[in-house]
Amino acid sequence: MTRPRLFPTQEIGSIARPRWQLEGQRGAALSPAAVEEFRRWNGKLGFAPPEAPGEAPGAAGAPVPAATVRDWAALFGLRYFESLGLDRVYDGEARRVEMYEAAVRQMRGFEFQGHVRSFDNKYYLKAAGTGPVGLDRPYHLEEFDFVRDHARAEPKVPVTGAYTIADWSYNEHYLGQRTGWKGRSVRRAAQREFVVEVARAALRPTLRALIDHGARVIQIDEPAAGTHPDEADLVAEGFNAATEGLDAEFTMHICFSEYRRLLPALLEAKRCAQWTWEFANRDGPDHDAYQLLEMFREYGDRRAIGLGVLDVHRDLVESPEVVEDRILRAVRVLGDPERLWINPDCGLRTRSLDVAAQKLAHMVEGARRARARFERPDA
């Protein structure tokens, strides 16, 4: 893909659901607080049509169809990111229940077992792999079509990776097919089969369909990769099985990991054009997180880097000067400013929409300041 400028900016994934969306898509009239929130954001972004009933879904006692509310939520996500000046955007995953469940519900061979805790008192509905993996139909197509037709910036669609889907599921079928003592090597072989089958039978046809619908940049999310660093080769193998021979720019987002432990095995992800990682979360006065980039020079890996410059776990809004400094430190380590994309560490869904907007605005300004230094070397 053509780079729009030096240090282009992008988002990573989900943002917080606005109250008006959560209430409105249930088909009920909005609470006064939700109405006020809708009007405030629509006044800023203009994402809903002028004929919106009562200027908010259900505000005038006229229920709005849930599908319409979800369309407005997707437009809200697009205009939210675009208004802040990002070069690559999506809709904040407005239509997805959750990054795992939304995908698994389109697959065969899974049975949901109940909710389990993931982190920060967040829960997800976990499934067991109880049969051969299959696919009812490629997913994310309707949401991507909507984004493609309405985006003003370049769209980048996030898709949950095969390794994460397998790791976050119970592997009953592929492990159950093996007889005898199920020791470490047997369990690993069963997990490998599970990952590859998710990649081949479900993820690959979905990626192909997205590409047929016009997707040119696809972010593969593998948040589970850091959980078992000794399985980094399975992450790469699943990525390869899903993307081999497909014509798109694929990036891989891995958050909150000890990245050095994933290399060199992860580098075997052949079609990955950009490593999108978290750095700001661990950066501080006594620790330069961006020195970690040195390992790419050690391994001779020249791929692009999606540089995390915003800590998504804190409300503290990084100043443009802090963002600029982080970019410049990364350039000094890598030696090549052309390799950097600028983004938050991860999705900003745990922050309020106001805090996330301030963070992203400062990120865009910090990237502009860093860009100006290279346009005016004497500055």
Practice problem: Specify the residue with the greatest mean-square fluctuation among Gly226, Gly77, Gly161, computed from a Gaussian network of the chain linking alpha-carbon atoms under 10 Å apart. | Solution: Gly226
Exercise. Would you list, by chain and number, the lysines whose Cα falls below 27 Å from the Cα of Lys156, excluding same-chain residues fewer than 8 positions away?
Key: Lys44, Lys122, Lys126, Lys270, Lys359
Exercise. Quick one: check the C-alpha center-to-center distance for region 318-348 versus region 106-172, whole angstrom.
Key: 30
Quiz item: Using 0.36 nm per residue, how much length does the chain from His115 to His213 gain when fully extended, once their Cα-Cα distance is taken away?
Solution: 31.9 nm
Exercise. Report, by chain and number, residues whose modeled amide H sits under 5 Å from the one on Asp87, excluding near sequence neighbours (fewer than 5 apart, same chain).
Key: Thr9, Gln10
Quiz item: Picking from Pro65, Pro205, Pro158, which is most flexible by a Gaussian network model of the chain using Cα springs under 10 Å?
Solution: Pro65
Quiz prompt | Mean Cα-pair separation over length for the chain, i.e. relative contact order, pairs under 8 Å, 6 or more apart, % | solution = 17
Self-check item: Candidates Val195, Val186, Val104: whichever shows maximal mean-square fluctuation once the chain is modelled as a Gaussian network with Cα springs under 10 Å
Solution: Val186
Practice problem: Would you kindly calculate the mean projected area, averaged across all directions, of the convex hull enclosing the Cα atoms of region 300-358, in square nanometres? | Solution: 4.4
Quiz item: What helices does the chain have that are whole DSSP H segments, at least 15 Å long along their own axis by Cα, and with mean Kyte-Doolittle hydropathy of 0.0 or more?
Solution: 66-83, 232-243, 320-334
Quiz item: If you take the beta carbon distance between Asp301 and Lys122 as r and set R0 to 35 Å, what does 1/(1 + (r/R0)^6) give as a FRET efficiency, to the nearest 0.05?
Solution: 0.60
Quiz item: Can you list the HN-Hα couplings for region 298-311, worked out from phi with the Karplus curve (6.51, -1.76, 1.60; θ = phi - 60°), rounded to whole Hz and with x for Gly and Pro?
Solution: 4, 8, x, 8, 10, 6, 5, 10, x, 8, x, 10, 10, 7
Self-check item: Diffusion constant of region 232-345 at 4 °C, which comes from Stokes-Einstein with the Kirkwood Cα-pair radius and 1.567 mPa s, µm²/s
Solution: 88
Quiz item: Which percent, to the nearest 5, of DSSP beta bridges fully inside the chain are antiparallel?
Solution: 25
Quiz item: For the chain, how big is Rg over Rh, using alpha carbon atoms and the Kirkwood form of Rh?
Solution: 0.98
Quiz item: Dipole size in debye (nearest 20) for the chain around its Cα centre, Lys and Arg Cβ +1, Asp and Glu Cβ -1?
Solution: 340
Quiz item: Just going by the charge dipole of the chain, with Lys and Arg at +1 and Asp and Glu at -1 on Cβ, which of Ala33, Gln106, Leu310 is farthest out on the positive end?
Solution: Gln106
Quiz item: Restricting to region 255-379, what percent of DSSP beta bridges are antiparallel, rounded to 5?
Solution: 10
Quiz item: Non-local amide H neighbours of Tyr170 (under 5 Å, H modeled in plane, Pro and chain starts lacking H): which ones?
Solution: Ala127, Ala128, Gly129
Quiz prompt | Residues with amide H under 5 Å from that of Ala269, placed H, sequence gap 5 or more | solution = none
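Where a number appears in this text, it was derived from the coordinates with a stated rule and is not lab data. The structure presented is a predicted model; accordingly, all values stated were derived computationally and were not measured. Every residue, glycine as well, gets a Cβ built from its backbone with ideal geometry; the counts of neighbours run over all protein chains shown.
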